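Here's the structure, in structure tokens; my notes come after.
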Amino acid sequence: MTDSALPSLPDEASAAAALRTALGQIEFARGYVLELLEATPRELWFTIPAGGSTSLAWQIGHLAVSQYGLLLFRQRGREPEDLELIPGRFRKRYARGSTPSDGEEDQPGADELLERLARIHTQSLAELRAADPARLLEPVDPPYALYPIKLGAVLFCPLHEQLHAGQIGLLRRQLGLAPVR
């Protein structure tokens with residue numbers, strides 16, 4: 001999208017309204033992902049189906065890393081306690097462009113993946129609910145989605161999660177499981 005094709009930047013009131021909408025979408029997307037995961041035996045989470053290139057474990061780790069990046073790091077930078085929330089080795093393993101591995105070796109277990117996913121989600125929502133809408137209008141460095149401001153990262157988060165929900169649904173089918181919905 002060229003700068004001339006970007007929508008005009010919102011004002012503070014519009015940003016506050018968009019944040020409220022995005023929070024609902026973030027919660028809906030996470031609920032759907034969790035529904036898909038709960039319907040999938042954990043012993044299959046680390047399997048890359050024949051002809052595939054990813055696993056449920058990588059999808060879960062990636063969603064944790066991306067939500068941290070979009071809703072915490074992009075909004076307020078890195079805080080010292082973030083190293084415990086999401087250690088560097090975890091970020092590197094599941095970041096965009098990382099390579100999913102088949103099997104459980106050298107990966108966090110299912111419980112740790114879900115725990116990190118939940119902690120980052122809870123922290124993200126708490127901080128966003130307490131955020132000053134004026135801060136959402138602050139610029140961010142590329143890459144960004146929709147707007148070159150912090151609000152763009154918030155609005156992109158549920159879209160990104162739904163994209164990965166689709167991949168999780170496809171993985172479930174490749175693993176021989178029936179659709180959830």
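Checking T54, T122, T99 one by one, the residue that is surrounded by 15 or more Cβ atoms within 10 Å (Cβ to Cβ) and among the hydroxyl-bearing types (S, T, Y) is T54 and no other. Scan region 32-71 residue by residue and report those that are over 11 Å from the mean Cα position of the chain (by Cα) and assigned to a helix (DSSP H, G or I). The answer is Y32, L34, E35, L36, L37, E38, R42, E43, L44, L56, A57, W58. Going residue by residue through region 78-93, is there one that turns out to be closer than 26 Å to R129 by Cβ, surrounded by 19 or more Cβ atoms within 10 Å (Cβ to Cβ) and in contact with a Leu (Cβ under 8 Å, 6 or more places away or on another chain)? Taking every residue of region 78-93 in turn, none turns out to be closer than 26 Å to R129 by Cβ, surrounded by 19 or more Cβ atoms within 10 Å (Cβ to Cβ) and in contact with a Leu (Cβ under 8 Å, 6 or more places away or on another chain).
The set of residues in region 13-49 that are farther than 28 Å from L128 by Cβ, among the polar types (S, T, N, Q) and out of contact with any helix residue (DSSP H, G or I) (no Cβ under 7 Å at 6 or more places or on another chain) contains only T47.
Residues being modelled with pLDDT of 95 or more, of a type in the set (D, E, K, R) and closer than 18 Å to R74 by Cα are represented in region 151-169 by at least one member. If the condition is being free of Cβ contacts under 8 Å to residues at least 12 places away in the same chain and part of a helix (DSSP H, G or I), then region 93-139 contributes D111, E112, E115, A118, T122, A126. Taken over region 135-181, the criterion of being in contact with a helix residue (DSSP H, G or I) (Cβ under 6 Å, 6 or more places away or on another chain), of a type in the set (D, E, K, R) and surrounded by 15 or more Cβ atoms within 10 Å (Cβ to Cβ) is satisfied by K150, E161. Residues of region 1-22 include at least one that is surrounded by fewer than 21 Cβ atoms within 10 Å (Cβ to Cβ), among the basic types (K, R) and more than 16 Å from L177 (Cα to Cα).
For region 168-179, indicate whether the set of residues that are within 26 Å of A16 (Cβ to Cβ), among the small types (G, A, S) and more than 18 Å from the chain's Cα centre (by Cα) is non-empty. Checked region 168-179: no residue is within 26 Å of A16 (Cβ to Cβ), among the small types (G, A, S) and more than 18 Å from the chain's Cα centre (by Cα).
Only one entry of A165, A130 meets the criterion of being aliphatic (A, V, I, L, M) and either more than 16 Å from L23 (Cβ to Cβ) or touching a Pro at 6+ places or on another chain (Cβ under 7 Å) (or both), and that entry is A165.
The values are calculated or read from the model by the stated rules, or taken from the named source; none is laboratory data. Keep in mind that what you see is a predicted model, and the values were worked out from it rather than measured. Virtual Cβ from ideal backbone geometry, glycine too; neighbours counted across all protein chains shown.
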